[in-house]
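*Asks:* Could you have a look at this structure, given as structure tokens, before my questions?
The values are calculated or read from the model by the stated rules, or taken from the named source; none is laboratory data. Please read all numbers here as calculations on a predicted model, not as lab measurements. Please note: Cβ atoms are built from the backbone with ideal geometry, for glycine as well, and neighbour counts cover all protein chains shown. These accessible areas exclude ligands, DNA and RNA; they are computed on the full protein's heavy atoms, side chains included. Shrake-Rupley method; radii C 1.70, N 1.55, O 1.52, S 1.80 Å.
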Amino acid sequence: MKRRLFLFASALILGLPLPASAGAVDALKQFLDSTRSFKAEFSQSVLSKSGRRPQASSGRLAFQKPGKFRWEVEKPYPQLMVGDGQKVWIHDPELEQVTVKKMDQALGNTPAALLSGSSDMLRNFVLSEGGEADGLNWAEARPRSQEAGFDKVRLGFAANGDLKAMELSDNFGQTTTLRFHQPERNPVLAASLFHFTPPKGADVIGE
């Protein structure tokens, strides 16, 4: 479950200014086509189907098209996911374990793939306006594929068009909420952020 949340949440980009009159679906489309790189801090919480809320997590992320991202959890336990454009590396320091997968197999039609691609990715989703809540305008995306692993993802935009939040509803009735802080759109990012070498002694699983 911990790693599935990594894949869903990575590569989210913030800070795209749009006219206040633009709908959330329009904001999403312009967001996909106009943002080339991004970095921000995040906070994440998960609400189970029963209403029980596990411990929250926080950290920072960075993204650069095409297909490079870094998702780093700092609290409560350090974890790291890096996409180098070809493979996705997931490092769990506590377990001294690294899992590696091919990029297309790891992301598929997840929200990460949606937001890290161009507007062409929208053909894999059914989009609709999600209304207003929590001071944000929401766009809703439902995957066309039954194998996507989640029911829907909602993206919350501020009045000025900034993307401020994401809510993911998975097939187990859980809702993952991500909030973004101190976003920077289209910054210059160091290439080293998207390079990963397994630490000495780590157990490497996968390709």
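*Asks:* Can you compute the modelled spin-label distance between Leu127 and Asn171, with each label point 7 Å from Cα toward Cβ, in nm?
*Replies:* Result for the modelled spin labels: 2.5 nm.
*Asks:* So how strong a dipole does region 24-72 carry about its Cα centre when Lys and Arg Cβ are +1 and Asp and Glu Cβ are -1, to the nearest 20 debye? Please list the in-between numbers first.
*Replies:* Working: 10 positive and 4 negative charges, 37 e Å.
I would put it at about 180 debye.
*Asks:* Among the lysines, which fall within straight-line cross-link reach of Lys102, defined as a Cα-Cα distance under 20 Å, with same-chain neighbours fewer than 8 residues apart omitted?
*Replies:* Hits, sequence-local ones excluded: Lys2, Lys65, Lys68, Lys87.
*Asks:* Once the whole set of protein chains is in place, how much accessible area is left on Val204, using a 1.4 Å probe, in Å² to the nearest 10?
*Replies:* It works out to around 70 Å².
*Asks:* Hey, another quick one. Round to the nearest 10 and report in Å² the accessible area of Ser34, as given by a 1.4 Å probe over the protein chains' heavy atoms.
*Replies:* About 50 Å², rounded to the nearest 10.
*Asks:* Any idea of Asp33's accessible area? Nearest 10 Å², probe 1.4 Å.
*Replies:* Probe radius 1.4 Å; accessible area of Asp33 about 90 Å².
*Asks:* What is the spin-label model distance, in nm, from Leu47 to Val188 if the labels are put 7 Å beyond Cα along the C-beta direction?
*Replies:* Going from the Leu47 label point to the Val188 one covers 4.3 nm.
*Asks:* So if we plug the beta-carbon distance of Lys200 and Glu94 into 1/(1 + (r/R0)^6) with R0 = 22 Å, what FRET efficiency do we get, rounded to 0.05? Display every interim value, and only then the final one.
*Replies:* Working: r = 17 Å, r/R0 = 0.75.
The computed FRET efficiency comes out at 0.85.
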